[in-house]
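The values are calculated or read from the model by the stated rules, or taken from the named source; none is laboratory data. This is a predicted model, so every value here is computed, not measured. Heads up, the Cβs are rebuilt from the backbone with ideal geometry, glycines too, and the neighbour counts pull from every protein chain shown. Heavy atoms of the whole protein, side chains included, go into the accessibility calculation; ligands, DNA and RNA do not. Shrake-Rupley method; radii C 1.70, N 1.55, O 1.52, S 1.80 Å.
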Number of protein chains: 2
Amino acid sequence: MVRAAVCGTEGRQFESALVYQKMAKEKKIKPSKETPSGFIDRKEKELLIRDFVISNIKEVMIKYGFQYLETPSFEYTDSIGKFLPDKDRPGEGVFSFKDENKWLSLRYDLTAPLARYVAKNYNEIPKPFKRYQLGTVWRNEKPGPGRFREFLQFDADYVGTKNPQADAELCILLAETLSKCGLDKNEFIIRVSNRKCFFGLLDFLEIKNENQRIAAVRAVDKYERIGIEGVKSLLGKGRTDKSGDFTKGAELNKKQIDGIVAYIKENSLYDEERENFKGSARFAPLAVWDDLSPLYSEGIRELGGFFGLTELSEYKDQIVYSPTLVRGIEYYTGTTFEANLLFKVKNQKGKEIEFGSVGGGGRYDNLINRFGNLDVPCTGVSFGLDRLVFALMQKKDFKIKSVKPVVICIFDQKNIENYFGILNKLRSSNISSEIYPGEGKLKKQMEYANKIQSPCVIFYGDDEIKKGEVKLRNLKTGEELSIKIENLVNEIRKII
Amino acid sequence: MVRAAVCGTEGRQFESALVYQKMAKEKKIKPSKETPSGFIDRKEKELLIRDFVISNIKEVMIKYGFQYLETPSFEYTDSIGKFLPDKDRPGEGVFSFKDENKWLSLRYDLTAPLARYVAKNYNEIPKPFKRYQLGTVWRNEKPGPGRFREFLQFDADYVGTKNPQADAELCILLAETLSKCGLDKNEFIIRVSNRKCFFGLLDFLEIKNENQRIAAVRAVDKYERIGIEGVKSLLGKGRTDKSGDFTKGAELNKKQIDGIVAYIKENSLYDEERENFKGSARFAPLAVWDDLSPLYSEGIRELGGFFGLTELSEYKDQIVYSPTLVRGIEYYTGTTFEANLLFKVKNQKGKEIEFGSVGGGGRYDNLINRFGNLDVPCTGVSFGLDRLVFALMQKKDFKIKSVKPVVICIFDQKNIENYFGILNKLRSSNISSEIYPGEGKLKKQMEYANKIQSPCVIFYGDDEIKKGEVKLRNLKTGEELSIKIENLVNEIRKII
């Protein structure tokens, strides 16, 4: 009784886990060696590139005057709400637990927790408040190829101003970051639109029901993935995907669907046949769409202010107008944007894949208002780190050096003090190095050194010890040299 | 029906979350602004120090020849088993979910997932295999002051060798890392013992029941926190802590308890009255304890091999013998070690606190064997990053520079192009800078600049624009200078 009160976890749930473990033990079922579906192990090459990308993003964040913040993985479920693209899935796509009397959820993005943070600390933060955050987010979605249930995000948000300068700053920052990470200016575009334009179109088409409006946003958001026919189905009764799963549609009438489809066809930057984005597009809204509704005009006016500012930046050609960009998340209220690569990305089998964006965001003026009567307009950008890393790994001219240790071979345990002498010498010169652990035969030690891609191995047997020199074998060339101990560091520096 | 099949989350659990959210909406309950109990927000100063620590640890890892790896947050519950110190709590102290027919848990450390990784990839990995990993871990424990339910760990593990060289390497690495992060050699010790010695003592005392043995380990592990009387209770019937929670004891008999207490009193490096560790101790086991049991002697022999190696390192005085160190985790089988600070750490109220270790680990030779018939001896070390950062923040001579932006004030929106000109100039010179977003009065802009601790602000009004110069105000000194645009970057560099 005492223990249950102490911890306050949901007893029933955990008891089942225990019963399962006990069963497994009794039946001597071996535990699984696999990662759960939608989760993966990541190896050195990817992680080193990710570190490189993260450190570049952090540098840009600091240069642009953003502050570092971190919120926890878990939030109260009611704090972060339910604003995911796939609202219509069970559990809203989040991982949740019951903790005493309240529900906790793993965050599904870094924006909803920021809104909670601002509401909590509103009196203390600067106004406006610019913060950046790096963190894992989780989505309890259906896993698929390249679609994971946890991923790393890097966000920058601008809190407390309606000024389009904030939106422009974030798009410029997004462009500068991609550029700093190694993408050429002709390898990406940042497509920009405004949620008010699309909602203005829906006003014109007399689509007033809130659920239908959000369903229409989500349908159009999927255009580049599912094509115009897929969008039509999602605007209508619904759509069954390749795996047989059915997504309910917006249930619009034919006239409404035709209106949206015409808007996409005339305005989209996406070339459905070539499966690619067209080059850059200056902000020049087609006159025919110009006065659909007051909301539409307001969106166009805001975009005018926005593009007036990005025109002043180095990335004016990368930041382009894209009327059909809507972004699937419910909380956006104004300017939205998304970074797309202009080169094709291939999967591990060499097949070109539908890749999605490497970053995006937009304005969400009403999110913090949920916590009380705080009128705090916000805008933010989120980097899809894993995708960006995946894309960079495919660029031929992109290389990250991975340092491997020099291996000091063991001939006789009685000479271990001598081996440590060499090791201390190398490490104090900041050379990655190690003594092979154990007394394995030389053949096994060499297999190990080759397997870890060591640049060179050191032989330091009785003879060498007497002479005060080592044998150094370059594992790339196979060349072997006798070297005086005092010259060792310099010789190794030539090889690594 | 289709949707439930798709996602495979536990329907009941999520339905309750939805019902709760719906109730909250109907009753117009405002969402909570608080972080859940045991979880906190972290701010810039701490995060910058943490980044500094992480980048130093990574450098040492590479120098010592460890490979970078990352496993996911979630593992199948049966894969990671249940080896936590507080095994006797409900749910084993982990956060678990049901996913289709299997249970998933958030990892509680990085060692159990490594064991799963090695079992899965045994044929591909080098032997021995040295890997490092950084990641958040979660414990569903009772939160307390400074005791959180998520924290960041940095681990290095040496897989596939029984050689004491591997254990020695990890302790030397631990010492070098602490040193590189800014601790002087007289500010920490690494206490070392061997689980076989303590189990050998239990053999001698005829404590054979497995649960009693583990309970005894956990009791002694808490010695520095709860004192000898607390340990006595935990070795006996149990102990009620300050908050009224009861922990069941090992239920040993009086003779057995007296034996363990005598062992602690004669061997501990901890001074209970001064609440501090005694200085360094060479490996010199007391003869009186020397032949308690075969297992005890084996432990002493292994320690002899270990200390023979650490003696050869630069950190020989920091790596000390500490017979009463046991470590609370169940899976250890041999050498165990723990890094303790020798200076007092204070909490935010200035009160000295019981601080625990900033890193530790040990040998776990049987963990991978759970997955099949793989005989893979392992040893590992784990850094408690949050604690290390907390301790470094208290050192007077430890400073991390936090860069704040130069603020370009707005006088008139019509001159925005000029402001952008200055901004582009500064940012292309890599100077952190921003234009104040909006048209707030100058007073408000100055309040903002002071609040964010900007080093200086730039005034660029109509007059200055005509003259081709700006007014630069140093916010530390209050000094204001008129500066030609071409000299601006150099002048700012003098201030920041």
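Observations on the model:
- Among the residues of segment A:132-146, just one is of a type in the set (Lys, Arg) and either more than 10 Å from every other protein chain (Cβ to nearest Cβ) or open to solvent by less than 30 Å² (accessible area, probe 1.4 Å) (or both), namely A:Arg139.
- Positions within segment A:211-237 being farther than 17 Å from A:Phe199 by Cα and not in a helix (DSSP H, G or I), in sequence order: A:Gly236, A:Lys237
- Residues of segment B:342-358 include at least one that is within 21 Å of B:Leu134 (Cβ to Cβ) and modelled with pLDDT of 85 or more.
- Matching entry among A:Val220, A:Val261, A:Val231 (being within 25 Å of A:Ile319 (Cα to Cα) and out of contact with any Ser or Thr (no Cβ under 8 Å at 6 or more places or on another chain)): A:Val261
- Residues (open to solvent by 20 Å² or more (accessible area, probe 1.4 Å) and closer than 14 Å to B:Glu464 by Cα) located in segment B:394-415: B:Phe411, B:Asp412
- Members of segment B:34-79 found to be within 7 Å of chain A (Cβ to nearest Cβ), within 24 Å of B:Ser105 (Cβ to Cβ), in a loop (DSSP other than H, G, I, E, B) and open to solvent by 20 Å² or more (accessible area, probe 1.4 Å), listed by number: B:Thr35, B:Ile40
- A:Thr161 closer than 30 Å to A:Thr35 by Cα and β-branched (Val, Ile, Thr): no
- Exactly one residue out of A:Arg195, A:Arg149 is closer than 21 Å to A:Asp221 by Cβ, open to solvent by less than 20 Å² (accessible area, probe 1.4 Å) and under 17 Å from the mean Cα position of the chain (by Cα): that is A:Arg149.
- Test for B:Lys98: is it within 9 Å of another protein chain (Cβ to nearest Cβ), open to solvent by 10 Å² or more (accessible area, probe 1.4 Å) and either among the basic types (Lys, Arg) or not in a loop (DSSP other than H, G, I, E, B) (or both): yes
- Here B:Phe204 fulfils each of the conditions (1) buried (at least 21 other Cβ atoms within 10 Å of the Cβ); (2) out of contact with any Pro (no Cβ under 7 Å at 6 or more places or on another chain); (3) more than 30 Å from B:Met393 (Cβ to Cβ); (4) in contact (Cβ under 8 Å) with a residue 60 or more places away in the chain apart from (1).
- Looking at segment A:308-421, the strands (runs of 3 or more DSSP E) lying wholly inside it that each contain 2 or more residues that are in the same structural domain as A:Glu224 (by TED's automatic domain parsing) and in contact (Cβ under 8 Å) with a residue 60 or more places away in the chain sit at A:319-321, A:335-341, A:359-363, A:378-384.
- A:Ser243 farther than 26 Å from A:Gln318 by Cβ and modelled with pLDDT of 85 or more: no
- Residue check, B:Ser322 open to solvent by 30 Å² or more (accessible area, probe 1.4 Å) and among the hydroxyl-bearing types (Ser, Thr, Tyr): no
- Strands (runs of 3 or more DSSP E) within segment B:425-496 that include 1 or more residues on the phi < 0 side of the Ramachandran plot, open to solvent by 20 Å² or more (accessible area, probe 1.4 Å) and touching a Lys or Arg at 6+ places or on another chain (Cβ under 6 Å): B:469-474, B:480-484
- Residue match in segment B:199-206 (condition: on the phi > 0 side of the Ramachandran plot and assigned by TED's automatic domain parsing to the domain that holds B:Arg147): yes
- Across segment A:239-255, the number of residues qualifying as open to solvent by less than 20 Å² (accessible area, probe 1.4 Å) and either over 11 Å from A:Val220 (Cβ atoms) or in contact with a Cys (Cβ under 8 Å, 6 or more places away or on another chain) (or both) comes to 2.
- Residues satisfying the stated conditions in segment B:101-121, i.e. of a type in the set (Ser, Thr, Tyr) and facing another protein chain (nearest Cβ under 9 Å): B:Ser105, B:Tyr117
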